[in-house]
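Contents: one structure, followed by commentary.
Nothing in this text is a laboratory measurement; each read-out follows from the coordinates by a stated rule. Predicted model only: the values in this text are computed from it and were never measured. Because the Cβ atoms are built from the backbone with ideal geometry, glycine has one as well, and the counts that use them run over all protein chains shown.
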Amino acid sequence: MLRFLLRSLLLGALVCLTVLIASFILSRASGNLAINIAGPEASPEAIAKIEHQLGLDRPLPVQFLDWAGRAAHGDLGDSFLFHEKVSSLISTHFPITFRLGMLAIGIAIVVALPLGITAALWEGTALDIAIGSVALLGQAVPGFWLGLILIIWFGIDLQWLPIAGVATWQGYVLPAIVLSFVAIPVMLRLTRSGMVDAMRADYVRTARAKGLSRGSIVLKHAFRNAAMPVVAVSAVQLGFILGGSVVVEVVFNIHGIGYLAWESIGKGDFPVVQAVVLLFALIFVGLTMLSELMGALLDPRVRGH
Amino acid sequence: MSWTRRLPLLIGGFIVTLAVLIAIFGPLLAPHDPFTQDLGHRFTPPAWLPGGSSLHPFGTDQLGRDYLSRLLLGVRISLEIGLTTVVLSGLIGTSLGVIGGYFGGWIDSVVLFIISCRLAIPLILVALTVVFLVGSSLTVVMLTIGLLLWERFAVVARSATRQVITLDYVAAAWCAGCSRLRVILGEVLPNIVHHLIVVATIDMAIAILLAAALSFLGLGVPPPMPSLGLMIAEAKDYMFFTPWVIEIPGIVLCVLAFGINLFGDGLRDALGADRGR
């Protein structure tokens with residue numbers, strides 16, 4: 001177990017480092033950072049001055065090592081445009097996205113588990129096919145469009161929920177619903193296939209032979225086993241949800257980390273973009289490890305090793 | 001196979017065929033030029049709403065351009081994006097996956113590592129950054145998505161290859177003295193291709209939706225090209241007064257992605273392939 005943990009820690013660190021280098025190279029690949037800041041009409045001297053101020057005139061490896069060294073100490077540099085520390089920008093924006101992501105994964109679990117179980121219990125029937133089609137349709141809906149439609153329906157026509165911002169908790173509801181669509185199809189399918197396998201397993205047959213009620217068989221025996229991979233995968237799905245928050249935050253004008261990144265990309269503010277990419281990579285690696293760990297802890301067959 | 005199980009393949013196949021026909025013949029069917037503006041006739045409602053006319057069956061947009069003509073071209077652009085990206089990502093992902101699965105050992109570890117790195121990259125942020133840096137055009141969008149969206153191909157090709165190389169006919173090919181390349185191209189690839197086709201349909205739908213999202217965020221296919229995502233983005237300022245301006249292109253996008261997914265699902269059942277993740 002310890003070896004397994006150390007191995008995935010090392011691998012995760014390597015993955016983050018690679019992503020970091022790649023994002024750094026990408027952001028410096030275009031030589032126009034200083035022009036972006038100075039504006040298109042700036043004189044060559046002004047541009048050179050900005051380049052010097054920001055250290056952009058040094059060789060790339062030097063810039064990278066400098067940045068990575070500071071980042072390791074928690075100093076992610078200053079935003080080119082906001083004149084604020086990147087770390088403080090991130091710490092003000094991230095909690096919003098995190099709350100949104102947690103709510104979305106919660107909705108996804110609440111929707112996907114019962115639907116998946118239902119589809120499995122009525123496997124091969126019209127109900128099963130209908131639920132499968134709903135999952136496919138959920139996969140086909142573009143998030144930004146769904147957001148706009150929900151704004152029209154629930155925000156304008158019914159006036160139930162706010163259409164932008166997260167000043168109150170109600171503001172989180174619509175964007176979280178949209179984000180939950182990222183995870184629902186995958187979790188639904190996984191629940192269904194897990195339940196189908198579980199219901200055919202020997203221990204369920206034994207439970208039936210003992211004369212247990214159908215409800216007890218489904219919930220206590222089959223579901224417990226089918227739920228393990230779903231729980232494990234929900235951590236990875238949370239990573240995808242957070243990564244997909246950009247679009248939803250722009251639609252609902254929520255100033256979370258995705259919105260910050262989108263704004264920064266559009267203005268060429270690369271210290272912020274790099275930091276956000278690094279943050280997402282860290283989160284993804286962390287959640288993947290968490291998912292493997294949960295899978296191992298929940299499954300006694302794996303736990304022993 | 002019962003007809004209910006064949007239904008996804010039939011409906012999905014119908015939608016995909018229709019989309020392909022629109023992509024090929026759409027410009028011939030279009031009642032108007034998709035780029036001609038007519039500011040005197042902005043926001044003509046579609047024919048089924050009050051005030052609509054059969055002259056513009058799907059209405060006109062904020063610049064008076066015929067919506068149907070733009071939608072027809074939009075479907076073509078979406079399919080173009082979907083096909084190009086899938087070919088590119090399929091080449092990258094399949095090569096990586098087959099190499100990892102075939103050779104195993106440290107080569108496989110490297111492949112797994114590359115896949116992990118790709119998964120750790122926030123797809124949409126990196127795509128936005130690339131398009132911002134390089135400048136938005138249809139080609140840039142297709143290349144960017146194609147270069148990023150290969151991980152499912154790699155994962156599926158790798159696991160399918162690992163299964164195939166344990167089978168007798170691969171051993172027979174080795175015994176017959178076939179070269180590695182010959183075994184990979186002649187024995188492995190033909191026997192994993194049905195998995196890859198299913199992955200291709202999933203990724204194609206994802207690529208189309210991703211391109212639409214990029215357009216929506218302002219870093220996708222540039223105007224005045226009528227990509228479906230851009231049509232929604234341009235019309236969203238008017239959606240409170242005329243909701244159909246975003247409803248129509250959104251529904252077209254949904255049906256297209258749904259049809260491709262359904263087709264893939266039907267193919268998977270018919271071919272007995274895995275779905276990947």
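Along the charge dipole of the protein assembly as shown, Cβ charges K/R +1 and D/E -1, which of A:277, A:290, A:135 sits furthest on the positive end?
Checked the options; the winner is A:290.
To the nearest 20 debye, what charge dipole does the stretch B:133-277 have about its Cα centre, counting +1 at the Cβ of each Lys and Arg and -1 at the Cβ of each Asp and Glu?
440 debye
So which lysines can residue A:210 reach, going by Cα to Cα under 18 Å and dropping same-chain residues fewer than 8 places off?
The reachable lysines, counting only those whose Cα sits under 18 Å from residue A:210, are A:220.
Other chains near A:116-129: what is the mean number of their Cβ atoms within 10 Å of each residue's Cβ?
That average works out to 1.
Of the candidates B:152, B:180, B:76, which one comes out as most mobile in a Gaussian network treatment of chain B with C-alpha springs shorter than 10 Å?
B:180
Tell me, what are the semi-axes, in whole angstrom and largest first, of the equivalent ellipsoid of the stretch A:99-194 as set by the roots of 5 times the Cα gyration tensor eigenvalues?
28, 14, 10
Which of these, A:45, A:84, A:123, has the largest mean-square fluctuation under a Gaussian network model of chain A (Cα springs below 10 Å)?
A:45
Mind listing the long-range amide H neighbours of residue B:136? Cut-off is under 5 Å, sequence gap 5 or more, other chains count too, H placed in the peptide plane at 1.01 Å from N.
none
Which one, B:244, B:150, B:106, has the greatest fluctuation when you compute a Gaussian network model over chain B with C-alpha springs under 10 angstrom?
The residue that fluctuates most here is B:106.
If packing is taken as the average number of other Cβ atoms within 10 Å across a peptide's residues, how do A:173-184, B:91-102 rank, most packed first?
A:173-184, B:91-102
Can you compute the charge dipole magnitude of the protein assembly as shown about its Cα centre, using +1 on each Lys and Arg Cβ and -1 on each Asp and Glu Cβ, nothing else charged? Give it in debye, rounded to the nearest 20.
In total the dipole reaches around 2080 debye.
Got a sec? How would A:199, B:239, B:231 order by Cβ neighbour count within 10 Å, fewest to most?
So the residues, fewest neighbours to most, are B:239, A:199, B:231.
What ³J(HN,Hα) values, in whole Hz, does the Karplus curve 6.51 cos²θ - 1.76 cosθ + 1.60 give for the stretch A:183-198 when θ = phi - 60°, with x put for Gly and Pro?
So the Karplus estimates, Gly and Pro as x, are 9, 4, x, 5, 5, 5, 4, 5, 4, 4, 5, x, 5, 4, 5, 5 Hz.
Beta carbons within 10 angstrom, averaged per residue: use that to sort the peptides B:155-167, A:273-285, B:205-217, A:209-221, highest first.
Listed from highest to lowest mean packing, they are B:205-217, A:273-285, B:155-167, A:209-221.
Dipole of the protein assembly as shown (Lys/Arg Cβ +1, Asp/Glu Cβ -1, origin at the Cα centre): which of A:170, B:75, A:50 lies farthest to the positive side?
A:170
Please compute the Cα-Cα pair-distance distribution of chain A with 20 Å bins starting at 0, giving whole percents from short to long.
Using 20 Å bins, I get a P(r) of 27, 48, 21, 3, 0 for chain A.
Using Cβ counts within 10 Å as a stand-in for footprinting exposure, how do B:175, B:117 rank, fewest first?
Sorted ascending by nearby Cβ count, the order is B:175, B:117.
How well do other chains shield peptide A:252-265, expressed as the mean number of their Cβ atoms within 10 Å of each residue Cβ?
Partner Cβ neighbours, averaged per residue: 2.
Could you give me D for the stretch B:74-276, from Stokes-Einstein at 20 °C and 1.002 mPa s, where the hydrodynamic radius is the Kirkwood radius over C-alpha pairs? Units µm² s⁻¹, please.
Result for D is 118 µm²/s.
How do A:157, A:78 line up, fewest other C-beta atoms within 10 Å first?
A:157, A:78
Highest mean first, what order results for A:62-69, A:185-192 on Cβ atoms within 10 Å?
Result, highest mean first: A:185-192, A:62-69.
Once the dipole of chain B is set up with Lys and Arg at +1 and Asp and Glu at -1 on Cβ about the Cα centre, which of B:56, B:133, B:271 lies farthest towards its positive end?
Ranked along the dipole, the leading option is B:271.
Once you sort the root eigenvalues of the Cα gyration tensor of the protein assembly as shown as a ≥ b ≥ c, which label holds: rounded (a/c under 1.5), prolate (a/b larger than b/c) or oblate (the other case)?
Taking the square roots of the gyration eigenvalues as a ≥ b ≥ c, the protein assembly as shown is rounded.
When the Cα centres of the stretch B:111-148 and the stretch B:36-104 are compared, how far apart do they sit, in Å?
With the stretch B:111-148 and the stretch B:36-104 each reduced to a Cα centre, they are spaced 21 Å.
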